[in-house]
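Comments concern the structure below.
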Amino acid sequence: MSHNTWIHRGVRVLIKPLARTPITPNQLTAARLVSGIAAATAFAVGDPAWADIGGIVFMVSFVLDRADGELARTTGRMSVPGHRFDLISDALCNMLILMGVGIGLRHGPFGDWAILMGIVAGISVVLILWLVVRVESREGARAAELPSVGGFDVDDSVLLIPVAMWVGYETPLLVASTVVSPVVAAFFVWRYWWVARRA
């Protein structure tokens, strides 16, 4: 990520008051993890009202995901363990949320296959993150970064998840996630292979 998208700039304003408090970036990351698990659980219920609640909780989790890094950079409290905790939390939240969507759609047109679709999408997202970390460990920080477009990162596309849940497009969301996530994972597998071979 570029760390300078429109969303990062907005969150930067919100966390300024926190810079003068005892609240730490790791505490925000922990809150992000808890809220992400809560959103995934709400999606897994399979009820429209719970899906709406899950969308709101997801948005809170998304903002916290941006806020922990911004607070760390603003206060100079960046650390390798903190960065690792952030990455693990991101991977777990994104995986569980997609799995939650799949579980919630188990009574839909795909039946129990929806659960498998959510698992495939979720594991693909974790694989992408792991490969990004591996590429950056070889090539340096941000070596696997994809370009921003119009002030938005590719990672900001997760905002489509709550929107899709709110407007009743959870089935197309699951289909798109099941197709796109493995394709992007395959790209990063190639990218990692290319970096490893060049090294």
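Per-structure values
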quantity: Lone unmet requirement of (1) out of contact with any helix residue (DSSP H, G or I) (no Cβ under 8 Å at 6 or more places or on another chain); (2) surrounded by 19 or more Cβ atoms within 10 Å (Cβ to Cβ); (3) of a type in the set (A, V, I, L, M, F, W, C) for Ile15; calculated: (1)
quantity: Every residue from the stretch 1-52 that is in contact with a Lys or Arg (Cβ under 7 Å, 6 or more places away or on another chain) and either in a helix (DSSP H, G or I) or of a type in the set (Lys, Arg) (or both); calculated: Ile7, His8, Val11, Pro25
quantity: Number of positions in the stretch 178-199 that are at pLDDT below 95 and over 16 Å from the mean Cα position of the chain (by Cα); calculated: 15
quantity: Contacts under 6 angstrom Cβ, first residue in the stretch 1-30 being more than 11 Å from Glu70 (Cβ to Cβ) and in contact (Cβ under 8 Å) with a residue 40 or more places away in the chain, partner part of a helix (DSSP H, G or I) and of a type in the set (S, T, N, Q), 6 or more apart; calculated: Thr29/Ser89
quantity: All positions within the stretch 140-177 that are at pLDDT 95 or above, surrounded by fewer than 13 Cβ atoms within 10 Å (Cβ to Cβ) and small (Gly, Ala, Ser); calculated: none
quantity: Number of the exception - Ala39 against (1) within 18 Å of the chain's Cα centre (by Cα); (2) over 19 Å from Trp166 (Cα atoms); (3) modelled with pLDDT of 90 or more; calculated: (2)
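The values are calculated or read from the model by the stated rules, or taken from the named source; none is laboratory data. These numbers come from a predicted model, not from an experiment. When we count neighbours, we look across all protein chains shown, and the Cβ atoms used for this are built from the backbone with ideal geometry, even at glycine.
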